[in-house]
Amino acid sequence: MLGTFERGVFWKLNFESKSPLQITLQENISDVLAKQEIKSDVKYQDITYYMLDTVKYVNSKDKTHIDFLKAIHEMENLDWKYTKNFIGFSNERTDECVQFVRLEQDKWYAEVPIMHGRGWNGYVWSDNSDSKTIGNMVRLFFEEVPWFGMLSWKLKRLKKYAKD
């Protein structure tokens, strides 16, 4: 019979003791669970970033890895008064890329290069949004779940990168 829940541990109690006041602890169920093989669903993230800010530059060619918490930290500290600021994230495993410019304290320009890499010819999906929406989108990007639908993207071509 299962007994009480105490500090996160379930105890199996034996109520058939010789004395009514004596309860014998038979086994700790958490010990049994600890002995079983428990497989965790841990997914390795191969996400790199690049950025430019007043005090920091990370080159995209360096393939510097980043996790979600550091990404949010870097985005929160991006100086929106510096007009050349940007930060971008590339999932090296899924070949997805998203990049941002902080326009104001609570306004962002988001961009997804289409067919980015060596053959990129300047086409992007772009939109502007607020910090909360951008933060939620970045979280989904790092969780590797559908994130593209977070914004109302517009197709455009950056002519200075056009190769035709």
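What ³J(HN,Hα) values, in whole Hz, does the Karplus curve 6.51 cos²θ - 1.76 cosθ + 1.60 give for segment 69-86 when θ = phi - 60°, with x put for Gly and Pro? Per residue, the Karplus-derived 3J(HN,Hα) values read 4, 5, 4, 5, 4, 4, 5, 4, 8, 5, 6, 6, 7, 8, 5, 9, 5, 6 Hz. Amide H to amide H distances under 5 Å link ILE114 with TYR123, VAL124, TRP125, where only residues 5 or more positions off or on other chains count and H is placed in the peptide plane. For segment 132-164, backbone nitrogen atoms closer than 12 Å to the point 7 Å from SER60 Cα along Cα-to-C-beta are found at 161. Pairs spanning more than 22 Å between alpha-carbon atoms, out of LYS63/LYS132; LYS63/LYS159; LYS132/LYS154; LYS132/LYS159: LYS63/LYS132; LYS63/LYS159; LYS132/LYS159. Need one word for segment 47-161: rounded, prolate or oblate. Basis is the Cα gyration tensor (sqrt eigenvalues a ≥ b ≥ c); a/c below 1.5 gives rounded, then a/b vs b/c decides. It is rounded, given that a/c, with a ≥ b ≥ c, falls under 1.5. Using 0.36 nm per residue and subtracting the Cα-Cα separation, the extra length available between ARG139 and LYS156 on full extension is 3.6 nm.
Here, each number is a calculation from the coordinates, and none is a lab measurement. None of these values were measured; they are calculated from a predicted model. When we count neighbours, we look across all protein chains shown, and the Cβ atoms used for this are built from the backbone with ideal geometry, even at glycine.
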